[in-house]
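The values are calculated or read from the model by the stated rules, or taken from the named source; none is laboratory data. In this text the structure is predicted, and so the values were computed from the model without any measurement. Neighbour counts run over all protein chains shown; Cβ positions are idealised from the backbone, glycine included.
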Amino acid sequence: MIFPLRLNKLRHKADPIYYCRMPNDCWSNLVVTGASEEIERFLANEFVGIPDWAFVIQQRGIEAIKFKLWSPSIPDYMWLEGLLINYNTLWIKNIWNEEGGMGGIWIGSNQGGIRTFQWEDMCIEEWAHRFRTQ
């Protein structure tokens with residue numbers, strides 16, 4: 001599916017209430033590329049106040065960053081769309097899964113719009129059962 005960009009009111013992840021719910025864990029594996037100045041600004045502004053366990057940088061370059069990010073139940077689509085509004089050169093790929101068994105991919109840029117696809121994946125119980133060693 002392809003969706004045009006739309007302006008949404010953004011929720012701030014530094015709000016402690018955001019981390020105090022009991023949702024399914026959703027882990028996003030993101031790759032973000034863009035102009036070096038925008039990557040620096042993105043890193044300086046977007047992760048203030050997020051707990052260390054909820055944000056893990058896996059690889060960083062001058063014009064790209066790869067990281068894992070936690071969110072409750074599903075990816076924070078409003079935040080992702082807001083990034084494209086606030087940072088003109090970013091291209092974002094988010095492959096995500098949540099412990100209840102859903103997975104998906106979200107790809108967005110100002111040049112190409114937004115594409116998204118979801119599927120039913122393995123929940124944590126099925127994962128533990130199928131990958132058991134005994």
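Scan region 60-79 residue by residue and report those that are over 15 Å from the mean Cα position of the chain (by Cα) and not β-branched (Val, Ile, Thr).
Within region 60-79, Arg60, Gly61, Glu63 qualify.
If the requirement is being touching a residue at least 12 places away in the same chain (Cβ under 8 Å), of a type in the set (S, T, N, Q) and not in a strand (DSSP E or B), which of these qualifies: Thr89, Thr133, Thr116?
Thr89
Quick check on my filter: what residues within region 110-134 are surrounded by 15 or more Cβ atoms within 10 Å (Cβ to Cβ), under 17 Å from Ser28 (Cβ atoms) and not aliphatic (A, V, I, L, M)?
Selection gives Thr116, Asp121.
If a residue has to be assigned to a strand (DSSP E or B) and either in contact (Cβ under 8 Å) with a residue 60 or more places away in the chain or not basic (Lys, Arg) (or both) to count, how many in region 48-86 make the cut?
12
Quick check on Gly61: is it surrounded by 15 or more Cβ atoms within 10 Å (Cβ to Cβ), among the small types (Gly, Ala, Ser) and modelled with pLDDT of 95 or more?
no
With the structure loaded, tell me whether Ser28 is surrounded by 12 or more Cβ atoms within 10 Å (Cβ to Cβ) and at pLDDT 95 or above or whether it fails that test.
Considered against the rule, which asks whether it is surrounded by 12 or more Cβ atoms within 10 Å (Cβ to Cβ) and at pLDDT 95 or above, Ser28 comes out as yes.
Mind checking whether some residue in region 33-45 is in a strand (DSSP E or B), buried (at least 16 other Cβ atoms within 10 Å of the Cβ) and touching a residue at least 40 places away in the same chain (Cβ under 8 Å)?
Yes: region 33-45 contains one or more residues that are in a strand (DSSP E or B), buried (at least 16 other Cβ atoms within 10 Å of the Cβ) and touching a residue at least 40 places away in the same chain (Cβ under 8 Å).
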